[in-house]
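The values are calculated or read from the model by the stated rules, or taken from the named source; none is laboratory data. All figures in this text were calculated on a predicted structure; none of them were measured in a lab. Backbone-built Cβ (ideal geometry, glycine too); neighbour counts: all protein chains shown. Surface accessibility is based on the protein's heavy atoms, side chains included, excluding ligands, DNA and RNA. Shrake-Rupley method; radii C 1.70, N 1.55, O 1.52, S 1.80 Å.
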Amino acid sequence: MERNLKKISISGIISQLVLIAGAAVVIVPLLWTFFTSLKTPAGVFKDNFFPTTWLWSNYTDAVRAIPFFTFLLNTLIILLPVLIGTVFSAALCAYGFARFRFKGKKTLFLVLLATMMLPSQVTLIPMFIMFKEAGWVDTFLPLIVPSFFGGGAFNIFLIRQFMRAIPRDLDESAFVDGANRMQIFSRIILPLSMAPLIAVAIFTFMGVWNDFQGPLIYLNSTEKYTLALGLSMFKGLYNVEWNMLMAATILIMLPALIVFFAAQKYFIEGISISSAIKG
């Protein structure tokens, strides 16, 4: 009995040490970014981990140095429709795979999952040529419109796994009461699937908010830049304003952190429930 307790305590200590080490790997760069954002330009290279002079004015200077609020508005113009399009279209596709019976459904679903193995760089050039021919380059459309066509294979898979666990008796009862497929989807399935829907919304928010590659490829005009792309303006031809860059990075990072911690309960619930259901 004592040996078993010792083994459990040792394994518990090792687990705690591994978790602490993993947390340090994540937190230390974040702390370095924060402390660098408060240093003077010379102190970025001369000071140690902590700044000698704490310049809180770096944050206001960073906002003034670039069209921060214009970039924020552009980011929101992209973010809101992408959130709506991704969550709704992914839920609609997941509903079809989870509740409908049709020929070739399994094959089509396997093809859908196979697209998750394709790196985004593979489809980058064909998509750019397609949007260029459509005249959408230097507009927000290439960053918004694709979200309304499926919402992403992973999102569909995540929501579909959850919807499969919802009893079909609810569908049959709704049919008896005269409801059609879309009414069942909107009034029964969607309200019961809030956990994975919120998880998908968080994934989408993080992806769009931090997206650098998409705006870099499709947006040419400075006035249409997003926040992630606007950070590159702190990089000059011969030098980089590291303290200002880090201050702007912290400001851009805060909304994402707030959203994640505010909705982490639903995020964890959606992931754990969907992954626990076998498909």
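Looking only at helices (runs of 4 or more DSSP H) that lie completely in the stretch 148-218, which have at least 2 residues being buried (at least 16 other Cβ atoms within 10 Å of the Cβ) and modelled with pLDDT of 90 or more?
Working: elements: 153-164, 169-176, 181-184, 194-209, 213-218.
Of the helices (runs of 4 or more DSSP H) lying wholly inside the stretch 148-218, those with at least 2 residues that are buried (at least 16 other Cβ atoms within 10 Å of the Cβ) and modelled with pLDDT of 90 or more span 153-164, 194-209, 213-218.
Restricted to the stretch 80-97, and to residues that are in contact with a helix residue (DSSP H, G or I) (Cβ under 6 Å, 6 or more places away or on another chain) and surrounded by fewer than 21 Cβ atoms within 10 Å (Cβ to Cβ), which residue is nearest to N180 (Cα to Cα)?
The extreme case among them is S89.
Does the stretch 181-193 contain any residue that is touching a residue at least 24 places away in the same chain (Cβ under 8 Å), β-branched (V, I, T) and more than 27 Å from A98 (Cβ to Cβ)?
Among the residues of the stretch 181-193, not one is touching a residue at least 24 places away in the same chain (Cβ under 8 Å), β-branched (V, I, T) and more than 27 Å from A98 (Cβ to Cβ), which makes the answer no.
Being in the same structural domain as D171 (by the TED database) and either open to solvent by less than 40 Å² (accessible area, probe 1.4 Å) or part of a helix (DSSP H, G or I) (or both): is that true of S15 here?
no
Matching residues to (1) in contact with a helix residue (DSSP H, G or I) (Cβ under 7 Å, 6 or more places away or on another chain); (2) over 20 Å from L227 (Cα atoms); (3) open to solvent by less than 40 Å² (accessible area, probe 1.4 Å):
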{"residue": "K39", "(1), (2), (3)": "yes, yes, yes"}
{"residue": "K46", "(1), (2), (3)": "no, yes, no"}
{"residue": "T53", "(1), (2), (3)": "yes, yes, no"}
{"residue": "A65", "(1), (2), (3)": "yes, no, no"}
{"residue": "T75", "(1), (2), (3)": "yes, no, yes"}
